[in-house]
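No lab work stands behind these numbers, since they all come straight from the coordinates. Note that the structure is a prediction, hence the values are computed from the model and not measured. We place every Cβ from the backbone using ideal geometry, glycine too, and count neighbours over all the protein chains shown.
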């Protein structure tokens, strides 16, 4: 399978806001997700790559990103971790 013209790269940057039941802000997260894309057919693309998330929540949320998951955190409510993404894209 020749890859010429079928490979591309993409980067998604997103920001999330977290709120409790009374609309009080619990913090924000930012995610950067670069990916390599391989066009499998005219309307189907396979993609995957790393994803880095940074969370600033002033210690209002617990278990971020989860117990035992590699990442970093500070006493002032900031944390980050490396994850992965993969999927299929249609059209």
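General remarks:
- Residue among 35, 79, 14 with the largest mean-square fluctuation in a Gaussian network model of the chain, springs linking Cα atoms under 10 Å: 14
- Extent along principal axes [Cα atoms of segment 1-61; Å; largest to smallest]: 53, 19, 13
- Förster-model FRET efficiency, 41 Å R0, residue 46 and residue 78, C-beta, rounded to 0.05: 0.75
- Here the label points at residue 7 and residue 24, each 7 Å from Cα along the C-beta direction, are separated by 5.1 nm in the simple model.
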